[in-house]
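The values are calculated or read from the model by the stated rules, or taken from the named source; none is laboratory data. Fair warning: this is a prediction, and the values are worked out from it, not measured in the lab. Note that each Cβ is placed from the backbone with ideal geometry, even for glycine, and that neighbours are counted across all protein chains shown. Only protein heavy atoms, including side chains, enter the accessible area calculation; ligands, DNA and RNA are left aside. Shrake-Rupley method; radii C 1.70, N 1.55, O 1.52, S 1.80 Å.
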Amino acid sequence: MSEEINIASQLKFASQHLFNLIVFIGILYYFLKDIVVSFFSNRSKKISREIQEANKVIEASQEAYNSSSQKINLIDSELTELRNSIDLITSRKTNDIIDNANLVANKIKNDTHDIIQLESLKLQSEVENSILNKAIEVAQDEIATEVTNDKDSELIISFLSEVKQNAVSNS
Amino acid sequence: MPSATVNDFFIALTSENSSKENLEKVYIGLSHFVDVFNNDKSIRLCLINDIYPSSVKNDLIAQIVSDCQSTRKFLEVIIEFNLLKSFIESREFFLKKLRKLLGKVKIEVITINTDENQKLDLIKSNLEEIWGKNLELSFKEDSTILGGIILQVEDKYFDGSLLGKISELKKINLKGEFNV
């Protein structure tokens, strides 16, 4: 029986406290309802605004990104074109240079060939001339030793008769 | 205004002395003057240079050409007319003209030896046969011609020397062809 009394007293105590709690909550709800609502409403609005701004920033960034991306693509294609054009020009120029170099090389080769031929001919004629000059010098020395007074007189008479004949035929 | 030339004075000189003896004297005088002029450097410089007065030049000429009055006069006149340079530049031409008037031929003979009188007489007689007796002969010795003779007859040159013949060989190459 005492146990039943304890439970009843406990239930009473609990219900009293529960009532007090409910009253307290009701009072709190009554007084704080608008504040809390407006607080959360403001917070919600603020967050929503921030989200909108963030969205705007994201959109602007997206646009800027798109624009930059387009520009980059354009620059990239231009660079590619330029690179191709440079490659083409370089290739053409290189070919031109190689052709010119080949032409010049051929010309130098031909010229060198001609020069070698001319120089060899020149050397040959120089050698021939020096041989002839030596032969003539030897002949001069031989003649100088062999010319006597009689031979000299013979030469003079023969030459003068030649001159005489020429003079007669001219007159 | 036209002025007188050396040739004008020369014509006057030759017409004034038209006889052969006088022309001979003029020729001897002028050729002596030319010889002295060619060989004596100081006289040459004095006569050519304008800084010397005419009187000095005339004195020099009187000393050089003392035998022939006409030649001296001629030279003095051309100095007076400032024509000595022109005469000297053409001296060989005027001497040649005089020789032509005299029927004289100037021959310079070059041989290896001028000591052999017999040879010189032989040359002289041969030259007289060709160009006549009236020759102005001069002999010059040159051993480098090796042999034979070289003649300078007025403007003509006759080379009968061995050196000349050898020089002709230089025109031929080793194959015996003439070099172009």
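Number of residues in segment B:99-143 that are of a type in the set (Asp, Glu) and surrounded by 13 or more Cβ atoms within 10 Å (Cβ to Cβ) equals 6. Against the condition more than 20 Å from the chain's Cα centre (by Cα), facing another protein chain (nearest Cβ under 10 Å) and modelled with pLDDT of 90 or more, how does residue B:161 come out, does it pass? So residue B:161 passes the test. Of the residues examined, residue A:156 is one that is in contact with a strand residue (DSSP E or B) (Cβ under 7 Å, 6 or more places away or on another chain), free of Cβ contacts under 8 Å to residues at least 60 places away in the same chain and in a helix (DSSP H, G or I).
Rundown of residues vs (1) touching a strand residue (DSSP E or B) at 6+ places or on another chain (Cβ under 7 Å); (2) modelled with pLDDT of 95 or more; (3) among the β-branched types (Val, Ile, Thr), yes/no style:
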site: A:29; (1), (2), (3): no, no, no
site: A:34; (1), (2), (3): no, no, no
site: A:37; (1), (2), (3): no, no, yes
site: A:40; (1), (2), (3): no, no, no
site: A:64; (1), (2), (3): no, no, no
site: A:76; (1), (2), (3): no, no, no
site: A:83; (1), (2), (3): no, no, no
site: A:86; (1), (2), (3): no, no, yes
site: A:102; (1), (2), (3): no, yes, no
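Residues are listed down the side, and each one gets a yes or a no for (1) without any contact (Cβ under 8 Å) to a residue 24 or more places away in the chain; (2) in contact with a strand residue (DSSP E or B) (Cβ under 6 Å, 6 or more places away or on another chain); (3) loosely packed, with under 10 Cβ neighbours inside 10 Å; (4) more than 9 Å from chain B (Cβ to nearest Cβ):
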{"site": "A:107", "(1), (2), (3), (4)": "yes, no, no, yes"}
{"site": "A:136", "(1), (2), (3), (4)": "yes, no, no, no"}
{"site": "A:139", "(1), (2), (3), (4)": "yes, no, no, no"}
{"site": "A:145", "(1), (2), (3), (4)": "yes, no, yes, yes"}
{"site": "A:167", "(1), (2), (3), (4)": "yes, no, no, no"}
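Every condition in (1) at the interface with chain A (Cβ under 9 Å from one of its Cβ atoms); (2) touching a Leu at 6+ places or on another chain (Cβ under 6 Å) holds for residue B:149 except the one numbered (2).
Taking the criterion of being without any contact (Cβ under 8 Å) to a residue 12 or more places away in the chain, of a type in the set (S, T, N, Q) and either more than 30 Å from residue A:122 (Cβ to Cβ) or outside any helix (DSSP H, G or I) (or both), the residues of segment B:116-175 that qualify are B:117, B:118, B:125, B:126, B:173. Just so you know, in segment B:1-18 the residues that are assigned to a helix (DSSP H, G or I) and of a type in the set (Gly, Ala, Ser) include one that is nearest to residue B:64 (Cα to Cα), and it is B:12.
Looking across segment B:93-133, just one residue is in contact with a strand residue (DSSP E or B) (Cβ under 6 Å, 6 or more places away or on another chain) and modelled with pLDDT under 85, and that is B:114.
Just for segment A:151-165: of the residues that are open to solvent by 90 Å² or more (accessible area, probe 1.4 Å) and under 16 Å from residue B:145 (Cα atoms), which one is farthest from the other protein chains (Cβ to nearest Cβ)? Residue satisfying both the conditions and the ranking: A:154. Out of B:17, B:7, B:39, I need the residue that is surrounded by fewer than 16 Cβ atoms within 10 Å (Cβ to Cβ) and under 21 Å from residue B:67 (Cβ atoms). Which one? Only one candidate passes the filter, namely B:39.
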